[in-house]
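Written below as structure tokens is the structure these notes are about.
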Amino acid sequence: MCVEEEATEEPLLEEDELYMVYDVNAISRSEISVPLKIQNNNCSMQLDTGCALSLAPMSFFKRVCPDVVMQPTNVVLSTYTSETVRPLGEAYVKVEYSGLQQSLPLLVVQEGTSALFGRNWLMDIKLDWKNLPGLNHNGPIFPSASAPQGNPTLDSVLQQYDELFQSELGCYTGEPVVLNESKGAKFHKARAVPYALQSKVENTLLKMEKDGVIERVTSAVSAAPIVVVGKKESEDVRVCGDFSVTYSAYANVETYPMPQIEDMHSALRGCTVFSVLDIKQAYHQIPSAQKSQGELTINTHIGLFTFKRLPNGIHSGPAIFQRIMDNLLSDIPKAVSRLDDILVAGIDEEDHLRTLSLVLERLLTAGFRLNKAKCKFLQKCVTYLGHKI
């Protein structure tokens, strides 16, 4: 274990223990995953031999260890950029790998995109190095004790990540979005809804309220009327705010570069197998900060509602969502995303399933949910962003 004695920017108490750890938000392109069970839940951790102690972000801990109680800790972590990270606490968790169970310490930190399998766990767990996802070998991507003999199948991968395809709406576990402030936005009266659509609009609003997308409010400084759009796949309707007359007209637009088709072709060169993933109600899985929710009020025929999640129809929405997806997935080779559409590829089926597992693990840890009906797996040819690949 590498212990650093020199004080960092934050003052350290004498009883604090300082350990080196890589930044949990800066994940290497050569990511090596360790599939295992924690508290009887299937999950995957990033192997990090530069990390002295195993740790996980709070989002991972809540999902995998909801009933485990954290204890205070004096451990202080120092990243390779000399930043100090103080864990929220430590918990002993039941870890199962290759059929063997052990109780091991896990540090919990506030933020991060991956749980890290550090050197202290390596002292107790004998890894099956030949079968670790991310290593440059041709072995199966799951430990032999938890998967059938031979290469993995699509069914085994999807079964491991079946939580991603559950019906409830997901919620991104990262920081809530803070919008640029608007000044001077007006309060608009509710637009009339055709009588034939009123019940559908009401049902949609109530479902959005139940899902935590919107909440009812009694007053607002500004409010946008709504736009009702029919859905191709059903008789239901989609309700959006017409923020072009409120927020988008009075706030500076947030900009972020969108991926180009040339970049996509370069990233997928040599690949022959493809999968396309669709994030369900993508914007509605991104929480908006409390101080920004007042900018996102809509006026309907049944009253005022404010968006607690990122709404469709604001001018900064695409830039905000693309930045989140790039931060989440851009370091995974042979995976590209543009807004809510994710393309995963591989030079062959085995390579593809390895990459698909990494992408699904990231999405699950980040709190997202996918629309399985719109996903396509193990395709020799797909149409993505209007281009046939």
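The values are calculated or read from the model by the stated rules, or taken from the named source; none is laboratory data. Worth saying up front: this structure is predicted, and the values here are computed from it rather than measured. In this analysis, Cβ positions are derived from the backbone assuming ideal geometry, glycine residues included, and neighbour counts consider all displayed protein chains. The accessibility values were calculated without ligands, DNA or RNA, using every heavy atom of the protein model including side chains. Shrake-Rupley method; radii C 1.70, N 1.55, O 1.52, S 1.80 Å.
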Exercise for the section: Among the numbered conditions (1) open to solvent by 10 Å² or more (accessible area, probe 1.4 Å); (2) under 23 Å from LYS207 (Cβ atoms); (3) not hydrophobic (A, V, I, L, M, F, W, C), tell me where LYS388 comes up short. Expected result: (2)
Handout entry: Odd one out for ASN41 among (1) under 25 Å from the mean Cα position of the chain (by Cα); (2) open to solvent by 80 Å² or more (accessible area, probe 1.4 Å)
Key = (2)
Practice task
Would you check if PHE368 is assigned to a loop (DSSP other than H, G, I, E, B) and open to solvent by less than 10 Å² (accessible area, probe 1.4 Å)?
Solution key: yes
Practice task
Sort through GLN260, GLN290, GLN285 and tell me the only one that's open to solvent by 60 Å² or more (accessible area, probe 1.4 Å), within 25 Å of SER337 (Cβ to Cβ) and either of a type outside the set (Gly, Ala, Ser) or in contact with a helix residue (DSSP H, G or I) (Cβ under 7 Å, 6 or more places away or on another chain) (or both).
Solution key: GLN260
Exercise for the section: Filter the stretch 83-107 for residues that are open to solvent by less than 10 Å² (accessible area, probe 1.4 Å) and aliphatic (A, V, I, L, M) and give the result. Expected result: ALA91, VAL93, VAL95, LEU104, LEU106, LEU107
Fill in the blank from the handout: By my count, helices (runs of 4 or more DSSP H) wholly in the stretch 184-267 with at least 3 residues that are among the hydroxyl-bearing types (Ser, Thr, Tyr) and closer than 19 Å to GLY313 by Cα are 247-250
Problem - Hits in the stretch 190-227 - residues which are at pLDDT 90 or above, among the hydrophobic types (A, V, I, L, M, F, W, C) and open to solvent by 50 Å² or more (accessible area, probe 1.4 Å) - result: ALA192, LEU197, LEU206, VAL221, VAL227
Handout entry: So LEU304, is it part of a strand (DSSP E or B) and over 17 Å from the mean Cα position of the chain (by Cα)
Key = yes
Problem - Filtered residue count, the stretch 239-249, keeping only those that are closer than 22 Å to GLN322 by Cα and open to solvent by 40 Å² or more (accessible area, probe 1.4 Å) - result: 2
Problem - Odd one out for THR355, checked against (1) under 21 Å from HIS265 (Cβ atoms); (2) within 12 Å of the chain's Cα centre (by Cα); (3) of a type in the set (Ser, Thr, Tyr) - result: (2)
Exercise for the section: From the list PRO311, PRO318, pick out the single residue that is at pLDDT 90 or above, more than 26 Å from ALA115 (Cα to Cα) and not in a helix (DSSP H, G or I). Expected result: PRO311
Practice task
Count, please, the residues in the stretch 371-387 that happen to be at pLDDT 90 or above and either under 30 Å from GLU175 (Cα atoms) or assigned to a strand (DSSP E or B) (or both).
Solution key: 9
Handout entry: Residue count for the stretch 310-334, restricted to those that are open to solvent by less than 30 Å² (accessible area, probe 1.4 Å) and either in contact (Cβ under 8 Å) with a residue 40 or more places away in the chain or of a type in the set (Val, Ile, Thr) (or both)
Key = 11
Exercise for the section: Would you be able to say whether some residue in the stretch 346-358 is in contact with a strand residue (DSSP E or B) (Cβ under 6 Å, 6 or more places away or on another chain), part of a strand (DSSP E or B) and either polar (S, T, N, Q) or under 13 Å from ASP278 (Cβ atoms) (or both)? Expected result: no
Completion exercise
Exception for SER266 within (1) open to solvent by 40 Å² or more (accessible area, probe 1.4 Å); (2) touching a residue at least 12 places away in the same chain (Cβ under 8 Å) falls at (2)
Completion exercise
Only one of GLN260, GLN290 is without any contact (Cβ under 8 Å) to a residue 12 or more places away in the chain and either closer than 30 Å to VAL221 by Cα or of a type in the set (S, T, N, Q) (or both), namely GLN260
